Amino acid sequence: MSPEILHHLEFSRYARWLRRMTGVDYALAVTDTSGVACYAAGDGPMPALLAQLAQEGFAWPCSGDGMQRHDSAAATLLYLPITGKRGALGYLAIGLPRAGTEAPFAWDALAETLEDIGAAIADECAVQGELDTMAGELSERYEELHLVYAIDRKVQDMTADTDVFASLLQSWAEHMDADVAAFIKPGDNMCVSATNLSAPIHNLDLVLVEMRGDLYRFAHSSRQPIVMNASDDPRRAYIFTDMPFKILCCPVFHEKSVVAILVLLNHVAKPDFSNSDRKLGEVLANHLSSLSRMQSMLTETSKFNQQMAAALIEAVEAKDPYTRGHSERVHHISMEIGRAMHLPPRELDNLFWGSLLHDVGKIGIPDAVLCKPGRLTSDEFTFIMVHPERSYEILRHIDRLQGAVPGARHHQEKYDGTGYPHGLAGHDIPHNARIIAVADTYDSITSSRAYRAGRSHEVALAEIVRCAGTQLDPAVIAVFQQVCAAEPEWIARFGIQRGMPKPVAVA
């Protein structure tokens, strides 16, 4: 409990209490431990008496805990210490005209009254101290809850391609008014940082290197938060040598091992990092530890899914060397169209898998049909028409791909309703299937087959525009034209020819 609390209490009611108990209008005063007045009743002699005593260097000596007496030339001061659990808080005093050497008998009752008032003031100080402590703790809890809420909101709002660590660090740097926030995970060669600079840091790369080096090693060994505010902190001899920044570093644990550190850095002109800042850092470090583990699991799952998809595609394309790379190209072009359409994250994810696996059903088509160099018979083409339903039958058992199945199942439907497998028309065809259909048609025209060479980008685009409203969705074609007008790099990367065919001279 701080003696400063005395300066914030209301003492007039204690003066009224003294008046009621004694029947005398005494000049009451309350001072802190140094004798500075916190309260002096009315315009009586007390302010002048206290000023005189301060000038004389009066030290408020006490013999025991009861009422004390001090006689000056003009007045008598009666006082007693106000004592809290941790010692003196200040003094309760009364000024009287200069008294004789003997104390009047009435002073015994006055002493008891002053002791009661002193105890009441001490109790109020204790209550106020507890309230201040609770308010401080509530403020800290609020900061923690606010930070946790911000983390939760960021995680919920993040998309599949969001760098959640960078986003959270940027929020934390702003929330804590820190110049730099960094997440360092050397085991994954990971160093993510965000800045909220109050002044330039010209050697930021070097600062981050120092974080990855000695600071991480020290935190890894100490397993404790590190707070370095003072410029003469002895740890600066081996951590952040010649770098005059204030540092807050919190270790990030996984299964009792330090796997990363969370760091805040400030210029020296900013306030010191406090215990409250350290606690907030530990809160965020715990959350980032969970997010790091979750991200690792998601990365492993995503990697496994893509490897399984690649294996399925490899099995299909191994049957027909002329279609090798078809799924990858259709997938890439479909995603370009989807992004240009600003599809929401969930739809983009469904398009990702639907376009990648749209032809997986061809794994069940006989090689004699799939690899036939010439024109297909009616029965052979019927086998080809089965592949979208086979794709559906293969993929429908995978819960993760439920949203992707319609795109793969219906990519051979035609906008005018003459396609297969179900003869859907217009907007009854799933949106992703209409996107995949444009990409599939483009790659079919520009890729070489056993029975013909691939044609140019311009020829394919002209043919796709011609099919608008019959085979393909005009709205999707319009977006695809915008994508192609930007001369995307994949035209060259996929080895697609350029230019319209030269007209044949008539003899």
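Since every read-out is calculated from the coordinates, none of them should be taken as a lab result. These numbers were taken from a predicted model, which means no experiment stands behind them. Neighbour counts are summed over all protein chains in view; Cβ atoms, including those assigned to glycine, are modelled from backbone coordinates with ideal geometry.
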One quarter of the C-alpha convex hull surface, i.e. the mean projected area of region 3-133 in nm², amounts to 7.8
Volume per residue of the C-alpha convex hull in the chain, rounded to whole Å³: 263
Fully extended contour minus Cα-Cα distance, from Ala119 to Asp132, at 0.36 nm per residue: 2.7 nm
Relative contact order computed over the chain (Cα-Cα under 8 Å; 6+ residues apart), in percent: 7
Angle check, please: helix 457-466 long axis (alpha carbons) against the longest principal axis of the chain (alpha carbons), in degrees 0 to 90, nearest 10. 90
Residue order, fewest to most surrounding Cβ atoms within 10 angstrom, among Met134, Met190, Met67: Met134, Met190, Met67
Give me the extension gain from Asp416 to Val465: residue separation times 0.36 nm, minus the current Cα-Cα distance, reported in nm with one decimal. 16.2 nm
What nm distance separates the two modelled labels at Ala486 and Ser448, each placed 7 Å from Cα along Cα→Cβ? 3.1
If each of Arg493 and Gln52 carries a label point 7 Å out from its Cα toward its Cβ, how far apart are those two points in nm? 9.3
From a point 7 Å beyond the Cα of Ala475 in the direction of its Cβ, which residues of region 377-418 have a backbone N at a distance under 16 Å? 415-416
With labels modelled as points extended 7 Å from the Cα through the Cβ direction, what inter-label distance (nm, one decimal) is found for Lys270 paired with Asp379? 7.8
Theoretical FRET efficiency, 1/(1+(r/R0)^6), r = Cβ-Cβ of Arg400 and Lys85, R0 56 Å, to 0.05: 0.35
Based on the Cβ-Cβ distance of Ala166 and Asp428, what FRET efficiency does E = 1/(1 + (r/R0)^6) give at R0 = 25 Å, to the nearest 0.05? 0.05
Extension gain (nm, one decimal) between Ala310 and Asp177, 0.36 nm per residue minus Cα-Cα: 43.3 nm
How much mean residue ellipticity at 222 nm does the chain get from its helices, if each DSSP H run of length 4 or more adds -39500 (n - 2.57) and you divide by all residues, to the nearest 500 deg cm²/dmol? -15000 deg cm²/dmol
Evaluate the Debye formula for region 159-297 with equal point scatterers sitting on the alpha carbons, no solvent, and hand back log10 of I(q)/I(0) at q = 0.11, 0.14, 0.16, 0.17 Å⁻¹, in q order, two decimals. -0.35, -0.58, -0.77, -0.88
Could you calculate the FRET efficiency of Tyr238 with Thr299 from 1/(1 + (r/R0)^6), where r is the beta carbon distance between them and R0 is 35 Å, rounded to 0.05? 0.50
Note: region 389-507, point scatterers on Cα, Debye, no solvent; log10 I/I(0) at q = 0.10, 0.12, 0.14, 0.17 Å⁻¹ equals -0.37, -0.52, -0.68, -0.93
Taking Phe273, Phe58 and counting other beta carbon atoms within 10 angstrom, the fewest-first order is Phe58, Phe273
Semi-axes a, b, c in Å (a largest) for region 11-57, each sqrt of 5 times a Cα gyration tensor eigenvalue, come to 22, 11, 8
